[in-house]
Amino acid sequence: MGKYILDEERLKSVEENYKRILESVKECAVKAGRSEIAVRLMCVTKTVEPPYINKALELGADLIGENRVQEYLGKKDELELNGVERHLIGHLQTNKVRQIIGEVDMIESVSSFKLAKEISRVSAAKGLITNCLAEVNIGMEESKSGLSPAELEETLYMISELPNIRIKGLMAIPPVCESEADERKYFAELRQSFIDIKDKKIDNIDMEILSMGMSGDYKAAIAEGSDIVRVGSAIFGARKYY
Ligand SMILES: *Cc1c(COP(=O)(O)O)cnc(C)c1O
């Protein structure tokens with residue numbers, strides 16, 4: 001930890017934020033008629049230095065999400081990851097797949113059949129089966145990756161034929177919304193796709209996890225049935241990109 005100048009104030013605010021958001025997530029779950037522990041809080045750790053991440057882990061955080069392969073591999077040895085689940089949540093290029101397979105517990109950002117194929121191929125070569133979520137571009141935005149709602153089902157049928165990848169649910173980042181009602185509309189749409197696909201009972205495609213909701217909209221997401229909320233800045237503070 002020698003190379004970091006520790007900001008004690010920031011450490012304290014990470015602690016306060018983490019505890020507050022965790023309570024809030026529990027409250028929202030109960031309000032939605034679910035158990036207090038039904039919704040998992042993921043700490044999104046992109047651009048965050050290890051000491052601050054370790055603070056959240058020390059407080060009991062058991063799920064982290066990283067965006068970039070290189071960044072994660074560069075800092076993982078400094079993290080207290082015993083018993084902590086790690087997900088890749090950022091856009092993944094096929095040429096980075098080889099480096100990340102076996103390093104995380106789930107890839108939430110499967111955004112094309114081509115990527116799924118490469119994940120299955122590399123997993124097979126390493127003797128692994130990789131759990132993934134299909135990322136849905138629920139607002140059909142040019143700037144975002146993900147499968148369009150229209151191609152989702154067909155793509156999942158194709159992925160179901162691949163031997164070393166298992167789809168466990170859906171993930172999405174909806175468009176920035178003006179109101180909570182608009183946010184809920186997108187989340188409800190994703191949940192409906194989740195239910196429709198579950199009803200199809202496709203081989204190797206399990207609809208168990210709905211990953212939706214971030215710092216600004218996690219409450220709306222939980223109200224619409226989210227299983228994992230991915231929270232970064234509300235815990236660690238505004239990101240400084242470098
Ligand atoms: C950065 C990121 C988040 C967290 O965003 P915040 O608004 O900081 O909570 C969640 N999901 C994905 C895919 C992200 O890239």
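No value in this document is a laboratory result; all are computed from the given coordinates. Everything numeric here is computed off the predicted structure, so don't read it as measured data. A quick note on method: Cβ atoms are made from the backbone with ideal geometry, for glycine too, and the neighbour counts reach across all protein chains shown.
What is the residue count in segment 229-242 for residues that are in a loop (DSSP other than H, G, I, E, B) and either within 16 Å of Leu190 (Cβ to Cβ) or within 14 Å of the ligand (Cβ to nearest atom) (or both)?
6
May I ask you to verify whether Leu147 is without any contact (Cβ under 8 Å) to a residue 40 or more places away in the chain and farther than 21 Å from Ala220 by Cα?
yes
Can you tell me which residues in segment 50-80 are surrounded by fewer than 17 Cβ atoms within 10 Å (Cβ to Cβ) and acidic (Asp, Glu)?
Glu58, Asp62, Glu71, Asp77, Glu78, Glu80
Let's see how each residue does on (1) more than 16 Å from the ligand (Cβ to nearest atom); (2) loosely packed, with under 14 Cβ neighbours inside 10 Å; (3) in a loop (DSSP other than H, G, I, E, B); (4) not small (Gly, Ala, Ser):
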{"position": "Glu27", "(1), (2), (3), (4)": "yes, yes, no, yes"}
{"position": "Ser35", "(1), (2), (3), (4)": "yes, yes, yes, no"}
{"position": "Met42", "(1), (2), (3), (4)": "no, no, no, yes"}
{"position": "Val48", "(1), (2), (3), (4)": "no, no, yes, yes"}
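When you go through Ser226, Ser193, Ser160 one by one, which is the residue that is buried (at least 17 other Cβ atoms within 10 Å of the Cβ), over 17 Å from Leu88 (Cβ atoms) and away from the ligand (no atom under 16 Å from the Cβ)?
Ser193
Check Met214, Met140 and return the single one that is part of a loop (DSSP other than H, G, I, E, B) and at positive phi.
Residue meeting the stated conditions: Met140.
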